[in-house]
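Data block below; observations after.
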Amino acid sequence: KRTALAIMKGGHTRAVHALAWAGDSTQHLASGADDGQIVVWDVGARAVRTRLAGHTDRIRALSGYEAESALLASCGHDHTARLWDARSGKAVMTLQHAHPVEAVLVLPGGALVATAAGNGVHVWDLVAGGRAVASSANHAKTVMALCLTADRRSLLSAGLDGQLKVYDVGDFNVQASTRLGAPCLAAILTPADTHLLTAHSDT
């Protein structure tokens, strides 16, 4: 029998869909939910540390930074991705999209963020004030998941069209494509890139 190390309650009023570490330690955990709220928890105290308010619809994904930083990226069905200072609770930047945003991923170095909205994958330059530097619509249906390879050279996207696309992080051109067999809702690589784990809707 497994025992939970910590249970944190009372932060959300609707279902939680996203989790990410806020910073480079395991002390602060961010959660995003269908209530449009992002809550940063103090894991040790099992208490709410900060609330990040700004999204007006369901939160779909969160992505933390690898470096010593309190910055956190989020996205949701309000057609935005947002960059936050998790310590102050303030929004640093908002990236507008034409469709609900299903996935967000901070790329190596922290200067670029990738998002998935509609059937497209978009890359934004945060240093340039959130300027879009790459955009592609290689999927036939909504893109649901983004992940990086261990060597950080390739970005993967998977969607409801049952397709997996592999992009070069240098120029964001498609390197490879394969069919997954069913609509894909989530995807993650094992640490050594030996296996790709996917979650599907088979209906």
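Just checking, does segment 180-191 include any residue being surrounded by fewer than 14 Cβ atoms within 10 Å (Cβ to Cβ), closer than 28 Å to ALA91 by Cβ and out of contact with any strand residue (DSSP E or B) (no Cβ under 6 Å at 6 or more places or on another chain)?
No.
Filtering segment 58-88 down to residues that are in contact (Cβ under 8 Å) with a residue 24 or more places away in the chain, among the charged types (D, E, K, R) and surrounded by 15 or more Cβ atoms within 10 Å (Cβ to Cβ), which residue is nearest to THR26 (Cα to Cα)?
ARG87
Of everything in segment 1-57 that's of a type in the set (Asp, Glu) and in a loop (DSSP other than H, G, I, E, B), which residue is least open to solvent (accessible area, probe 1.4 Å)?
So the first thing to find is which residues in segment 1-57 are of a type in the set (Asp, Glu), and the list is 24, 34-35, 42, 57.
Those still in the list that are in a loop (DSSP other than H, G, I, E, B) too: 24, 34-35, 57.
Working: ASP24: 96, ASP34: 22, ASP35: 40, ASP57: 62 Å².
Here the answer is ASP34.
Which count do you get for residues in segment 119-161 that are open to solvent by 30 Å² or more (accessible area, probe 1.4 Å), touching a strand residue (DSSP E or B) at 6+ places or on another chain (Cβ under 8 Å) and within 20 Å of THR190 (Cα to Cα)?
Residues in segment 119-161 being open to solvent by 30 Å² or more (accessible area, probe 1.4 Å), touching a strand residue (DSSP E or B) at 6+ places or on another chain (Cβ under 8 Å) and within 20 Å of THR190 (Cα to Cα): 4 in total.
Which condition number does SER135 fail, the rest of (1) in contact with a His (Cβ under 8 Å, 6 or more places away or on another chain); (2) touching a residue at least 24 places away in the same chain (Cβ under 8 Å); (3) of a type in the set (Ser, Thr, Tyr) being met?
The single condition SER135 does not satisfy is (2).
Report, by residue number, each residue of segment 89-118 that is in contact (Cβ under 8 Å) with a residue 12 or more places away in the chain, small (Gly, Ala, Ser) and either open to solvent by less than 20 Å² (accessible area, probe 1.4 Å) or out of contact with any His (no Cβ under 9 Å at 6 or more places or on another chain) (or both). Break it down into steps so the answer makes sense when it comes.
Looking only at segment 89-118, we keep the residues that are in contact (Cβ under 8 Å) with a residue 12 or more places away in the chain, and these are 89, 91-108, 110-118.
Applying the additional criterion that residues be small (Gly, Ala, Ser) yields 89, 91, 98, 103, 110-111, 114, 116-118.
Matches in segment 89-118: GLY89, ALA91, ALA103, GLY110, ALA111, ALA114, ALA116, ALA117, GLY118.
The values are calculated or read from the model by the stated rules, or taken from the named source; none is laboratory data. Predicted model, so just to flag it, every value in this text is computed and none were measured. With ideal geometry, Cβ positions are generated from the backbone for all residues, glycine too; neighbour counts draw on all protein chains shown. SASA here: full protein model, heavy atoms, side chains in, ligands and nucleic acids out. Shrake-Rupley method; radii C 1.70, N 1.55, O 1.52, S 1.80 Å.
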